[in-house]
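Here, each number is a calculation from the coordinates, and none is a lab measurement. The structure displayed is predicted, hence computed values, not measured ones. So basically every Cβ, Gly included, is an ideal-geometry build from the backbone, and we count neighbours across all protein chains shown.
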Amino acid sequence: MVKTAIVLVLSLSFLLLSAIAYAQMGIGLTTDKAVYRSGEPIVMQLKLVNLTGQPRRLSFNTSQRYDFSITDSSEKGVWRWSRNRVFLMVMGQERLDEKRKELVYSQTFTGKLAPGRYSITGRVVSQPNPFEASVIIVVR
């Protein structure tokens, strides 16, 4: 019973810290437009902004800092930027402060998508609190 209570308190503390981390950072994902033709490149930009005015450090378990993915309307994964990529197994940090208030990551998807609605998700893979944002696009 005591072990269960300790785990519950630790779990709630982690959730509270995660919520505070999200409140202190702003994240946004944009694409160069909302409607595409099949085969047309999709330019994605992920931006994470420190809203506190205080220095913030983000920790990473590998050299990977971000990821982008595309899922179709049935939530099936269609593409992931990090798939088939190798990242160094080194811990690292990024610091956001008065000099560097934001992190910006961009990628371009150049594959061919069938007509339909797709969700694009961008994620800053910091640990223990990753940040992510999504947008919906249409392919005609």
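The trypsin sites (Lys or Arg not before Pro) of region 68-97 that DSSP puts in a loop, and whose beta carbon has at most 15 other beta carbons within 10 Å, are LYS76, ARG83, ARG85. Counted by Cβ distance under 11 Å from PHE68, the other residues give a net charge of +1, where Lys and Arg count +1 and Asp and Glu count -1.
Loop-resident GluC sites (Glu not before Pro) (DSSP state other than H, G, I, E or B) in region 62-134 with no more than 13 further Cβ atoms inside 10 Å of their Cβ: GLU75, GLU98. Quick one: Cα centre-to-centre distance for region 80-122 and region 50-77, in angstrom? Centre-to-centre distance over Cα atoms comes out at 7 Å. Counting neighbouring Cβ atoms within 10 Å and putting the fewest first, the residues PHE68, PHE87 line up as PHE87, PHE68.
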